[in-house]
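Have a look at the structure below before the remarks.
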Amino acid sequence: MLKKINDFLAGLPMTIVAGIFLLLDLIPHVAQEFGIADIHLNFLPFDPAWVTVIISGVPLVYLAVWRIIHNPGISKISSALLITIAMFAAIAIGDLFAAGEVAFIMAIGAILEDMTVNRAKKGLKQLISLAPTLGRRLKDGKEEMISAEEIRQGDILRILPGETVPVDGKIIKGETSLDQSIMTGESMPVDKGVGEEVYCGTINRFGSVDIEATKVGKDSSLQRLIRMVQEAEDKQAPMQRIADRCASYLVPVALLIAIGAYIGTGNIVTAVTVLVVFCPCALVLATPTAVMAAIGQATKHGVIIKSGEALEKMGKVDTIAFDKTGTLTYGRPDVSDIISFDDSVSEEELLSLTASAEAKSEHPLGKAIVACANERKLPLTESEEFKMQGGKGVYAKIGNKNILCGNEKFLEENDVKIDAAVKSALKRLRLQGKVSILVSDGKECIGVIALSDVLRTEAKEMISRLSAMGTRTVLLTGDNKMTADYFAQQLGISEVRGELLPEEKVHNIEDMQRKNHKVCMIGDGVNDAPALKTTDVSVAMGGMGSDIAVEAADIALMSDDISKIPYLKRLSNAAVNTIKLSITLSMCINFVAILLSLMEVLNPTTGALVHNAGSCLVVLIAALLYDRKFELSLIHISEPT
């Protein structure tokens, strides 16, 4: 009940009410100080500052007491304790305006800071929702649907096309292609056959397979992924107010000076004035106002920054780790090479023939080939017969030709020989990280069509700029090593780590952190969520990236414009410098105000007004950050179609 009352009073609506009543109380004080007129608020049966003291003071006292009870060691002494002491001292001498003012400024600071921090658990809930709930178990020759919790190690499960794999396992019958993007981030389905492993949460795209369950329940890959996100999220410490870090010495120093002032002057009002002006109200506002200004500046340009910590840490980053698919690339397969081995078949004819054969295929690679043919406005012929063999290829009868499109194994099983020239071309394409579709007329291989993920047009220059800024870049990807090496070479990334599962990405990042590197991770997929949570600061591709990656990250690029990474570093440096400037100025104002208090130039009311002046100055400095001009990005080049 007490917490509910506290939360209600500390909310924005009640804080606004407190501000209105404090303003009402300020009017006669200002008039009296400047001798304008003798104004009285006789229509109120009480001093309006009492409303502010109650609304803003109760949460302040609650926070100070809670920290004394629950915080360990010296952290029991907080800025809330110092301001509470000053508030009660002002009440004791009857200066309710001063008491209300320090409590109100503290309330504003708390609200501003709360607005800069978003630690919602929505992304984790979405990740949990991806966990399969049912599985198709084979028992005594019959199929039965059971809950995923009932599946035991050694059970035989059948996975039909379109179904999600409910546990980790090994294929014992059948061949298929699996969408493993949730685990590895690979943009293209991976062909799987007998003896190969499958992962929980991956999607069976084509053929039906039987698997033997090897890791079930909490030991499955997806559940480990969920657990890593939870653990990494728990490690994230909330942003500490700078005022709280300073409070361990501010409180005793303030009390000593106030006691000394009372002993030296014999005037309790002077002692209370010292406590009022000593309150770190401007200090409390320095961080959240600068953070809000920087977040507002970034938001205008499609960059969502979730906390002040992210800003500060981004400026300290010396290593940026990139995921490949969907981050440095567009995350889709496009036709990159068309090679004809038959002089009588041109490249356009080969593409048209292959697209005609693949027209009825649901495989992403087949769809990409058809899309390429349509883009080039090539004629397609409807197949008279069509057969698809999951994980291998397709057969189609086009006119009087029997066309086979697939991998080496598929062609060899259909008695098509792969000569040295074809093998040499395949080897070269593999070294470039490309996927190859062999095309045969049923007798010999007449050509190959290679597909590759497409690099973002701005990626290479962005990497170059980061290198020029002294920032180390690393590629962490689930793709095979040859693909990873090829893309890294294209971009100028010298350090490459491929074929990584989500937990291996986490281990690689932790290894870099142990070597005293400040690491930023940039990714877009569900599989990146644990790594994003583990790094010092993380950036997600918000436009096409998964909701889970966006929720896990500290920063999201809503337009997927990775060229804004250097802009982020410059902005974070500016925000940190602004905070330091505001703190320095607020401390100088406090120092001057203390001297004026000891000289009995200020009283609690005028001291509170000086407080307001310092707080307004801090807010003004932060506002200047909002409109500062930064070089936003590289020259924009539109995404290829």
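The values are calculated or read from the model by the stated rules, or taken from the named source; none is laboratory data. Small disclaimer: the values here were computed from a predicted structure and weren't measured. Using ideal geometry, Cβ is built from the backbone for each residue, glycine included, and neighbour counts are taken over all protein chains shown. Heads up: the accessible areas ignore ligands, DNA and RNA and are worked out on the full protein's heavy atoms, side chains in. Shrake-Rupley method; radii C 1.70, N 1.55, O 1.52, S 1.80 Å.
Let me know the number of lysine pairs in region 416-509 closer than 17 Å at the Cα, not counting same-chain pairs under 8 apart.
Final tally of qualifying lysine pairs is 7.
Could you tell me the calculated FRET efficiency between Lys417 and Ser344, based on Cβ-Cβ distance and R0 = 25 angstrom, to the nearest 0.05?
Using R0 = 25 Å, I get an efficiency of 0.85.
Expressed as cubic angstrom per residue, what is the convex hull volume of the alpha carbon set of region 566-632?
62 Å³
Residue by residue through region 16-26, which ³J(HN,Hα) values in whole Hz follow from phi under the Karplus form 6.51 cos²θ - 1.76 cosθ + 1.60 (θ = phi - 60°), with glycine and proline marked x?
Whole-Hz 3J(HN,Hα) from phi for region 16-26: 5, 4, 4, x, 4, 5, 5, 5, 4, 6, 5.
Show me, for region 57-65, the HN-Hα J-couplings you get by feeding each phi into the Karplus relation (A = 6.51, B = -1.76, C = 1.60, θ = phi - 60°), rounded to Hz, glycine and proline as x.
Coupling constants for region 57-65: x, 4, x, 5, 5, 4, 5, 4, 5 Hz.
What Kirkwood radius, in Å to one decimal, follows from the Cα pairs of region 290-398?
18.0 Å
Going by amide H atoms built from the backbone, whose H comes under 5 Å of the H on Ser177, apart from near neighbours?
So Ser177 has HN proximity to Lys192, Arg205, Phe206, Gly207, Gly391.
Given the peptides 319-329, 503-513, arrange them by the average over their residues of other C-beta atoms within 10 Å, most packed first.
So the order, starting with the most tightly packed, is 319-329, 503-513.
Can you tell me the FRET efficiency between Glu382 and Lys142 if r is taken as the Cβ-Cβ distance and R0 is 35 Å, rounded to the nearest 0.05?
Step by step, r from the Cβ atoms, then E = 0.30.
Just to confirm my numbers, what's the Cα centroid distance between region 84-98 and region 335-366 in Å?
Their Cα centres are 83 Å away from one another.
Would you list Tyr626, Tyr486 from the most to the least accessible area, probe 1.4 Å?
Tyr626, Tyr486
Which whole-Hz couplings ³J(HN,Hα) result when phi for each residue of region 158-165 is put into the Karplus expression 6.51 cos²θ - 1.76 cosθ + 1.60, θ = phi - 60°, listed in order with x for Gly and Pro?
Whole-Hz 3J(HN,Hα) from phi for region 158-165: 9, 10, 8, x, x, 8, 9, 5.
Could you name the aspartates and glutamates in cross-link range of Lys387, using Cα to Cα under 16 Å and dropping any fewer than eight places away on the same chain?
In chain and number order, the partners are Glu175, Glu358, Glu362, Glu413, Asp441.
Using Cα positions and a limit of under 23 Å, work out the lysines in reach of Lys76, with same-chain residues fewer than 8 apart set aside.
Lys3, Lys4, Lys235
How far apart, in nm, are two points set 7 Å out from the Cα along the Cα-to-Cβ line at Leu160 and at Leu595?
Computed distance between label sites Leu160 and Leu595 equals 8.4 nm.
Taking only protein heavy atoms and a 1.4 Å probe, what accessible area per residue, in Å², does region 257-316 have with all protein chains in place?
Result: 29 Å² of accessible area for each residue.
What is the Cα convex hull volume of region 387-461 when expressed per residue in Å³?
Cα convex hull per residue, to the nearest whole number: 112 Å³.
Determine which aspartates and glutamates satisfy two conditions relative to Lys564: a Cα distance under 18 Å, and not lying fewer than 8 residues away in the same chain.
Glu312, Asp318, Asp323, Glu458, Glu461, Asp524, Asp554, Asp627, Glu631, Glu639
Based on the Cα atoms of region 316-466, what semi-axes does the equivalent ellipsoid have, where each is the square root of 5 times one gyration tensor eigenvalue, given in whole Å with the largest first?
One finds semi-axes of 32, 17, 14 Å for region 316-466.
Rounded to the nearest whole Å³, what is the per residue volume of the convex hull around the Cα atoms of region 397-518?
Dividing the Cα hull volume of region 397-518 by its residue count gives 137 Å³.
Per-residue counts of other Cβ atoms within 10 Å, averaged by peptide: what ranking do you get for 8-19, 436-447, 351-362, highest first?
351-362, 436-447, 8-19
Give the residues of region 473-497 whose amide nitrogen is closer than 17 Å to a point set 7 Å from the Cα of Leu431 in the direction of its Cβ.
Those under the cut-off are 481-490.
Taking amide H atoms as placed 1.01 Å from N in the peptide plane, list the residues 5 or more away in sequence, or in a different chain, whose amide H sits under 5 Å from that of Asp536.
So Asp536 has HN proximity to Val519.
So who's got an amide H within less than 5 Å of the one on Asp453, skipping anything under 5 residues away but keeping other chains? H placed 1.01 Å off N, in plane.
Correct list: Asp334.
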